[in-house]
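Colleague: So that we are looking at the same thing, I have put the structure below in structure tokens.
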Amino acid sequence: MCGRYHFSMELLDEIRDLTEQRDWKLELGVLDRDIRPGDTAPVIAAAADEGPDNRLCICRQKWGYPGPGGKGLVFNARSESVFEKRMFRDSVRLRRAAVPVSWFYEWNGNKEKFTFTRAGSRVLFLAGFYGRYEDGDRFVILTTQANASMAPVHSRMPLVLEKEQVREWILDSGKTKELLGQEPPQLERDCEYEQQTLF
């Protein structure tokens, strides 16, 4: 599950070398805040011109597909079954993306909020994909089985990519299923207040 994350403008300096964009700040505006489903946020995707050099770009998209019957938002998809879902199948096959985040949040059964980061890095790349809608492109974040760093808090977690995997995730369809099945790296977790128990 991934229902909120933080994006800092400093991430743009960290990811600029992936995209070779020069005007990225002008396109994205100022952004340094928590991102919730329904918000518009930066994602990394294949450049629209899709030239022979297979360039990547940073663009703004809304987080979440319209839910069935237009009710609510679908903002996560399970990596294990994404190709089986009609709503997602074409998007994950044709329009993969990476969502750069500073950190993301998860809540446990006691409603305690945990912050997850990567040791030695200011950016996490979450695997995702996007669909085209009348009001613009919308993205979804992929989740997978929790690894040891997440399991004490929640049974699911975002599918985290290494920086070196971002380009192949987005551009190399032959690697898609392999990357969908990988275990995310270990993350650091922090909780402002963790409820104590006597037993």
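What follows is calculated from the coordinates using simple rules that are stated; it is not laboratory data. As the structure is a computational prediction, the values presented were derived from the model and not from experiment. Counting neighbours? That spans all protein chains shown, and the Cβs are built from the backbone with ideal geometry, glycine included.
Colleague: Please tell me the relative contact order of the chain in percent, rounded to the nearest whole number, where contacts are Cα pairs under 8 Å and at least six residues apart.
Modeller: 22
Colleague: Measuring from a point 7 Å past the Cα of residue 111 along Cα-to-C-beta, which residues in the range 153-194 have an amide N at less than 15 Å?
Modeller: Only 193-194 pass the distance filter.
Colleague: Under a crude label model (7 Å from the Cα following the beta-carbon direction), how far is residue 86 from residue 54 in nanometres?
Modeller: 3.2
Colleague: To continue, here is another question. Given a Förster distance of 25 Å, report the FRET efficiency between residue 78 and residue 192 from their Cβ-Cβ distance, rounded to the nearest 0.05.
Modeller: With a Förster radius of 25 Å, E is 0.30.
Colleague: Give the cross-link partners of residue 62 among the lysines, using a straight C-alpha distance below 22 Å as the criterion and excluding same-chain residues fewer than 8 apart.
Modeller: Partners found: 25, 71, 85.
Colleague: Could you compute the FRET efficiency for residue 132 and residue 10, with r as their C-beta to C-beta distance and R0 at 45 Å, rounded to 0.05? Let's see the in-between values first.
Modeller: On the way: r = 30 Å, r/R0 = 0.67.
So, using R0 = 45 Å, E works out to roughly 0.90.
Colleague: As an exercise, find the ratio Rg/Rh for the chain from alpha-carbon atoms, using the Kirkwood inverse-distance average for Rh. Write out the running numbers ahead of the final one.
Modeller: Details: Rg = 16.5 Å, Rh = 17.3 Å.
Result for the chain is an Rg/Rh of 0.96.
Colleague: A further question on this structure: Would you please give the residues with an amide H less than 5 Å from that of residue 55, counting only those at least 5 places away or on a separate chain, with H modeled from the backbone geometry?
Modeller: Residues meeting the amide H criterion: 47.
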